[in-house]
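Student: I have a structure here, written as structure tokens, and I will follow up with some questions on it.
The values are calculated or read from the model by the stated rules, or taken from the named source; none is laboratory data. Computed from a prediction, not measured in an experiment: that's the story for all the values here. We place every Cβ from the backbone using ideal geometry, glycine too, and count neighbours over all the protein chains shown.
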Amino acid sequence: ELVGVAHETGLDELRGIVGNAAAIEAYRAGTLPFPDGAILVKLAWKHVQSTEFEPAFVPGPATTVQVMVKDSKRYSSTGGWGFGRFIDGRPVDEAQHQTCFGCHAAGVKQHDFVFTRLAP
């Protein structure tokens, strides 16, 4: 189910963030930390100018799929979250897990390391 959308200006990306039932229930209830089993997935595309409506931007080529999985025992050293990043359907190296957590820890520790808020 859709959690929210984002536009990353530095990477010129449009992003759609979806979550499984456990994540959506936690968002709606305002539950922090998220429960084990919550999964968030970010789908990203380059944004390109619409050929049909000049002021609009639309998804272009896909760039990445990024995944967060809440498992407080398995990922205890990274706030209970496992991180993965895939390009062209292939996982990026294992170091990506620590790279992702560094940004999440610096920016949204108080929100259980999750940037995306539920769209109203």
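Student: If you go through region 37-69 one residue at a time, how many are among the hydroxyl-bearing types (Ser, Thr, Tyr) and either more than 11 Å from Arg85 (Cα to Cα) or modelled with pLDDT of 95 or more (or both)? Full working, then the answer.
Tutor: Taking region 37-69 first, the residues among the hydroxyl-bearing types (Ser, Thr, Tyr) are 50-51, 63-64.
Of the ones still in play, those that are also either more than 11 Å from Arg85 (Cα to Cα) or modelled with pLDDT of 95 or more (or both) are 50-51.
Here the count works out to 2.
Student: His7 fails exactly one of the following numbered conditions: (1) surrounded by fewer than 18 Cβ atoms within 10 Å (Cβ to Cβ); (2) over 25 Å from Gly89 (Cα atoms). What is the number of that condition?
Tutor: All conditions are met except number (2).
Student: I need the full set of residues from region 36-70 which are part of a loop (DSSP other than H, G, I, E, B) and in contact (Cβ under 8 Å) with a residue 12 or more places away in the chain, in order please.
Tutor: Of region 36-70, the ones part of a loop (DSSP other than H, G, I, E, B) are 36-38, 50-56.
Correct list: Asp36, Gly37, Ala38.
Student: Among the small types (Gly, Ala, Ser) and either more than 21 Å from Val108 (Cα to Cα) or touching a Pro at 6+ places or on another chain (Cβ under 8 Å) (or both) - does that describe any residue in region 26-44?
Tutor: Let us first name the residues in region 26-44 that are among the small types (Gly, Ala, Ser), namely 26, 29-30, 37-38, 44.
Filter once more, keeping what is either more than 21 Å from Val108 (Cα to Cα) or touching a Pro at 6+ places or on another chain (Cβ under 8 Å) (or both): 26.
The answer is yes; a qualifying residue exists.
Student: Could you count how many residues in region 74-99 are in a helix (DSSP H, G or I), surrounded by 12 or more Cβ atoms within 10 Å (Cβ to Cβ) and modelled with pLDDT of 90 or more?
Tutor: Of the residues in region 74-99, 1 are in a helix (DSSP H, G or I), surrounded by 12 or more Cβ atoms within 10 Å (Cβ to Cβ) and modelled with pLDDT of 90 or more.
Student: Among the candidates Ala105, Ala23, single out the residue that is in contact with a Lys or Arg (Cβ under 9 Å, 6 or more places away or on another chain), of a type in the set (Gly, Ala, Ser) and without any contact (Cβ under 8 Å) to a residue 60 or more places away in the chain. First the steps, then the outcome.
Tutor: Details: Ala105 fails: in contact with a Lys or Arg (Cβ under 9 Å, 6 or more places away or on another chain).
Just a single option satisfies the conditions, and that option is Ala23.
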